[in-house]
Amino acid sequence: MRVIAVRAVVVVALAGAAGCGGGSGSPSSPGPAGPITINIVGERGASSFSPNPAQAAGEMVVFRNTDTVVHRVRLNDLSLDTGDIAPGATSTAVRMPVAGTNYHCMLHTSMIGAVAATGSAPPRCTGDYC
């Protein structure tokens, strides 16, 4: 009788250990990363945005205005316009073109930036804002 009781305790202990940690389900994967932030730093030509170029082609991006004046980012092909971004504010998230792109501040047209694919150069800038 004593042997049966010991075996029962061992079986219960092993069953309990199997249920703790290390389950058979797949491990949870981290949630999707947030958008990439491009900082608007002021009227400084090609140094007006940081990073520039941003390695963010095909990615979600937000523009954060770290300057003391309002800015408005527009892609050079006119396919995207963030609207006014107040000092200290951040734009809504927008998806950048997969091939990369060039952009500028509508209010301060000397402010230019680019988005490139990881490890690649940004597309060649053409048009009025280059």
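The values are calculated or read from the model by the stated rules, or taken from the named source; none is laboratory data. Quick caveat, the model's predicted, so the values are computed rather than measured. In this analysis, Cβ positions are derived from the backbone assuming ideal geometry, glycine residues included, and neighbour counts consider all displayed protein chains.
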## Note on the structure
The strands (runs of 3 or more DSSP E) lying wholly within the range 62-130 that contain at least 3 residues that are crowded, with 17+ Cβ neighbours inside 10 Å are 71-75, 101-105, 112-116
### Task
Just name the residue that is nearest to the chain's Cα centre (by Cα) out of those in the range 42-99 that are within 22 Å of PRO123 (Cβ to Cβ) and of a type in the set (Val, Ile, Thr).
VAL61
### Hey, ARG44 modelled with pLDDT of 95 or more, within 15 Å of VAL115 (Cα to Cα) and among the basic types (Lys, Arg) or not
no
